[in-house]
Every structure is written in structure tokens, then in C-alpha cells.
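Accompanying notes for the structure given below.
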Amino acid sequence: MNNSTTATGPSSGAGPSAGSGTGPISLAAKSRPLEAVIKASLAIAAFTSVAITFGIIVALLEPVTHFFSQVPVGDFFATKGQYAVLPLVAGTLMTTVIALLVAVPLGLGAAMYLSEYASRRNRKLLKPILELLAGVPSVVYGFFALFFVTPTLLQDILNIEVGFTNALSAGVVLGIMIVPTVASLSEDAFTAVPQSLRQGSLAMGANRMQTTLRVVLPAALSGVAAAVVLGLSRAVGETMIVALAAGARKNLSLDPRDPMQTMTGFMAQTAQGENPVGSVDYNMLFAVGLLLFLITLVINIISIQLVRRFRQAY
Amino acid sequence: MSTVSNVAVKTARETVQLTAKRSKEQTPTALIFLGLLWFSLFFGVAVLVALIVDTAITGWPRFDMNLLTNYDSTLFPEKTGFRAGILGTAWLMVTTAVLAVPLGIGAAVYLEEYADRDRWYNRLIEVNLQNLAAVPSIVYGLLAVGVMAALGFERKGIVLGGAIALSLLILPVIIITTREAIRAVPEEIRSGSLALGATVWQTTWRQILPSAVPGIATGTILGLSRAIGEAAPLLMLGIPLAVRFDPTGIFSEMTALPMQIFFMTSQSQIEFQQAAAAAIIVLLVMVLALNGLAIYIRNKFQRSW
């Protein structure tokens, strides 16, 4: 139909590219080798992120296979013994639960105030302060837990009998650390609730508290859940606070006033010791690390699913 | 732009009118609820103030030049200093930025300007990025151990090892914020450039990236401010807690400020705790300065299209 007698566009002397003679004028046909090289290198940069994930798995799996050839699986998933991991999991669970008890009410309260009550100007002022709290390095929070929360807040003000290191103080400070995470993501979820729902509720005679608690909160629930789950994942993986303030001894206890070692605390302690590469203790570091990675991976996947759900709602 | 804000103002006014009858808002429960919300918001502020004041008081005896210019000293704890840590942190930050920023921007440009979102491998990158952003920092330390072993380094506690760990850690932050900055550049600019005959790369390089620079800079600085206080991945690499020489290059052994703070916090002598408190103030000043710079850039150069 359209024969090659027509001019082939403003091609600058690079010669006709393959196939340009038969079809209609192709606007994308001109081959540009440099563009292709650039695109390829950008794609490599993007695929690095996937390579990192695989790298994590490979870097962890190799020492872990050695570990399980040295120590039976039953000794690892045991409650007692040198290589038992369950007391560490229990320690992580304890500090994380305390952290969530602190962070969920405070984070949700802050988010509700910012999205439902604060004026635009106040929000602009208050949000950066909350974000600063997220920027404080975790080793600083560890110092704070050890030298302020335990002696001053817990022992002097609240009169709780606790030792120098304990799960309670580490958990509370961990909770303070994840308040900004919970608050900022929940606020996004609240803001995403359409204005018409609020207006409907107010028009029916509800006051702002009723509107917030019975209309906005249920409507934003999956987003709020995602925020809590992400906060949970950060609390599980946090190292320096628990390494300093939670204690350095495995302890399968239900009393939050006791010192308890967590998974990350164990890893920090083992890495400081002089364990030669390939020794059982060195390999156990990676086994605990892999378990930690898998736990946070599952938590993150749940969080991503929840976020997807609340994005689809409106 | 103006119509949007008009609508916002209008809805705000309507809400005010609907809630104008004050009596319903002032029942005891409603007031208690409001009080609780205030409390949860200001709890965070109170913690920040308590943290800074308490640490500053503890560290007060150590605000002297020795803190910045001396090396760590176990013999004279009252004169111990953070010279090696501060210089080590500076080396770490520069190397981390050099490693992470080009990679992060490249990945973001690919995902925003080139990638076909319906392809499975591009969706894989998306999901993977969300996951990586929430991987614990200590796991990145273990990954860096593996990378350094694969590269054939015997000693892993060197600047390069720490920088690899930290750049892996902040890569997702940089990619996510850069993508947002690129996405904020309006489609008309792209269409205009492409219509004039520019290629995709020419459009990206000459139009999109210059417009997105403030956003990219903000993201990079926020990423670095996260990296500057991280100690857990460095701990995994076996970066020493105390060294008594300046780092001289990327293959030099080093320590970092948060590592020294961790080390001195775990010592029992009160002098070390005072030194740790004073160093925390130094670290907080660095973090706050970086955050402030990011906010300044965001506000100063933000363009409304």
C-alpha cells in the first residue's frame, strides 16, 4: 500500500532501518545504540534491588546449612540449651508486644488529632516534629532507655522494681521509636477517607468524636492495620535499643521486669565476640538472622496486602 | 491549583458550619477524647525534649574540644574523644552516597520512564522494593558480610564494607523518594519534549531530572540521615568499637560515631557514660542538621506547576 517512494521521515543519514520500506512510516524505528545502552544500564540498576533480595538469601543460606550440619534442627528450635532459639523469639515477642501497647494508642491518637482536629497550619507545624522523633538514631534511644527510662521513669517515678536491664524499659522505648511510623501511615489512611462520609455523619447529628471513632476509623481500618503491622516489623528488627537495654541473657520468662535477650540482641552480642568464621557460634548468627529475615518478610507481605486493600476501597 | 484550594476552603467552611453548635462537642466524653488525642501527640514531643535535656545534662562536663579532637582512651576516660568516630562517619557517609545515589536514581528513572508496568518482572521489582524498605538493618549487615567475602576481603571492618551495608540499607529510601520526585514532573513536559523530537533519554536528562533535583536531593539527604546513626549493620561487619588512628581511604580500618557511643554506653565507668552523652548530642546535631537541610531544600525549591 504505502510504498517506499514516500520519504522516510527526518532520518539523519543513518540508513534505512529494517522493515521501514514495507509498512507505514514508523516513528520509533530508528535504532539508537546509545539509548539502548542507557536503557540497559538503568534496567540493571533497577534489577539490583532484586539481586539484593537474592543476595540476602544466598549470603544467609550458606552459613546456615553449615550450622545445621553442626547442630541438629531440634537443638535450634528448643527452649533450653546453648543453641536454643525459642527463648530469643520469646524475648523478641515480649519487647514487641510492649512496644505495640505503647505505640498503637499513641500513634493512632496522634494520627486522629492530625487528620480530624488539627488546622492546616498546626498540622504543618506538628508533623515535622513527629518526623524528627523517627530520625533519632536507635543507639540514642538505647542510651535513653538505659539511663533515663529505667532509673528515672520506672524505678523512681513509677516505683517498679526492675534491674539495670529489663524487657519493660526496652519495650517502652521501642514503642516510642515506632510511634511516628504508626502515626504517619494511619494519618494517610484517615486522610484517604472521603469527606462525604464525615459530612454525612455530622449531618446525622454525630459530634466529631463519634464521627472519628465510628465512621472514619472503621473506614480506614485496613490502612491502620497496615500501619500497625509495619510498626510491628520495625520493632521486631530493631537492634541497638534491645542490645543495650533488654539484657544479654537468654531468659524464657513471662515477667516484663526481667532481663531478656531478643533475637537481634543475641546477634549484636555474638558479632562482638571473637568468633572465627565457620565456628558454630558464628554460623548460629546467620541462622538467627535468617529466621529474623523470614519473620519480617511474612509481616511485610501482610502489610503490603493490607495497604493494597485500603487503596482499592475508595 | 487555585480551584482545588477553593474547594478545600469551601469544604472546611461547611464542616465548621455543621459543627458550629458547640454544645454537642463539649460533652465530657468528647472533651476527654480530645484530651487523650492531645496527650498522644504531645507525648512524642515531651519524649524528644526529655531525651535531649537529660542527655545534655549528663554530658555537660564533657562539652570540650577533647571530645572532638582526642582518640578513644581507656587510661584517661575523662579525656576520651571521638575523633576516629567522627572522621570514620564522614568517610562512611561520602562513600555511601557515592555508591547509593547513582544506583538509586538509575533504578528510579528506569521504573518511572522506561518500565512497562504490565510486565511481570517490573511488578516483581515494585513488590521487592516495598519489601526491602522494611528489612531490618541488621540483616543488611549480614548481607554486607557475604558481599565482602565474595569480593575477597579478609578484613571486613573497613570503610568500604560499612559503606556497602549502609548503601544497601538506604537504596530503597532513595529509589522511593526519587520516583515520587520524577512522578511530580507533569506529563506535558514529557510530551512537549518528545514532540520536539527528543528521545526518551534526552527528555529525561534535560527536562525531567533537572526539575526533579530538589526532590532527589531531599530523599538522598533523608537516606543519609538514617544511615549516619546506624550501628547494627556495622556491628555485624565487625567494625571495631575503638580505633586510635584516622581513616585514610576506603580500604582503611575505621570506627563510626554510633559505634563509639554504643561502646561507651556499655562501659561501667561514669566518665564513659558522660562522654557517650556528649557524643550523642554531637550525633543528634548532625542528624538534625541533615533533616533541616532536607526540609529547607524541599520548601525552597519546591515547584508548583
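Readers should treat all values here as calculations from the given coordinates under stated rules, not as data from a laboratory. If you're wondering where the values come from, they're calculated on a predicted model, not measured in any experiment. Every residue, glycine as well, gets a Cβ built from its backbone with ideal geometry; the counts of neighbours run over all protein chains shown.
Taking a straight Cα-Cα cut-off under 16 Å and skipping sequence neighbours fewer than 8 places away in the same chain, the aspartates and glutamates within cross-link reach of A:LYS127 are A:GLU116, A:GLU187, A:ASP188. Rounded, prolate or oblate: which fits chain A when a ≥ b ≥ c are the square roots of the eigenvalues of the alpha-carbon gyration tensor, with rounded for a/c under 1.5 and prolate only if a/b beats b/c? Because a/c hits 1.5 or more and a/b fails to exceed b/c, chain A counts as oblate. Peptide B:289-297 has a mean of 1 when you count, residue by residue, the C-beta atoms of other protein chains within 10 Å of its C-beta. Mean partner shielding of peptide B:43-56, defined as the number of other chain Cβ atoms within 10 Å of each residue Cβ, is 5.
When each of B:TRP201, B:TRP120, B:TRP60, B:TRP91 is scored by the number of other beta-carbon atoms lying within 10 Å, the sequence from fewest to most is B:TRP120, B:TRP60, B:TRP201, B:TRP91. Scoring B:39-52, B:217-230 by mean Cβ neighbours within 10 Å over their residues and listing the highest first yields B:217-230, B:39-52. Shielding by partners for peptide A:237-246, expressed as the average number of C-beta atoms from other protein chains within 10 Å of each residue's C-beta, is 5. Taken along its three principal axes, the alpha carbon spread of the protein assembly as shown comes to 91, 73, 55 Å, from the longest extent down to the shortest. Each Lys or Arg adds one and each Asp or Glu subtracts one; over the other residues with Cβ under 12 Å from the Cβ of A:MET177, this totals 0. When the Cα positions of A:PHE286, A:LEU230, A:ASN207 are compared along the charge dipole of the stretch A:167-290, A:ASN207 comes out farthest toward the positive end, with charges on each C-beta of Lys, Arg, Asp and Glu.
Of the DSSP H helices in chain B, those with a Cα length along their own long axis of 30 Å or more and a mean Kyte-Doolittle hydropathy reaching 0.0 comprise B:28-59, B:83-109, B:159-183, B:270-301. Ranked by the mean number of other Cβ atoms within 10 Å of their residues, highest first, the peptides A:157-165, A:97-105, A:281-289 come out as A:281-289, A:97-105, A:157-165.
A simple packing score, the average count of other Cβ atoms within 10 Å per residue, orders the peptides B:134-147, A:139-152, A:36-49, B:67-80 as B:134-147, A:139-152, A:36-49, B:67-80, with the highest score first.
Summing Cβ point charges (Lys, Arg +1; Asp, Glu -1) relative to the Cα centre of the protein assembly as shown gives a dipole of roughly 2080 debye.
Here is what passes the span test in chain A: the DSSP H helices with alpha carbon length of 18 Å or more along the helix axis and a Kyte-Doolittle mean of 0.0 or above are A:33-70, A:86-112, A:167-191, A:221-237, A:280-313. Between the listed residues B:GLY104, A:ALA170, B:ALA163, the Cα displaced farthest toward the positive end of the dipole of the protein assembly as shown, a dipole computed from Cβ unit charges relative to the Cα centre, is found at B:GLY104.
Taking each DSSP H run with n ≥ 4 as -39500 (n - 2.57) and averaging over every residue of the protein assembly as shown yields -22000 deg cm²/dmol at 222 nm. Shape of the stretch B:69-301 from the C-alpha gyration tensor: prolate (a/c of 1.5 or more and a/b above b/c, with a ≥ b ≥ c the square roots of its eigenvalues). Please work out whether the stretch A:212-258 counts as rounded, prolate or oblate from its C-alpha gyration tensor, where a ≥ b ≥ c are the square roots of the eigenvalues and a/c under 1.5 means rounded, while otherwise a/b larger than b/c means prolate and anything else oblate? Prolate, because a/c is 1.5 or more and a/b exceeds b/c.
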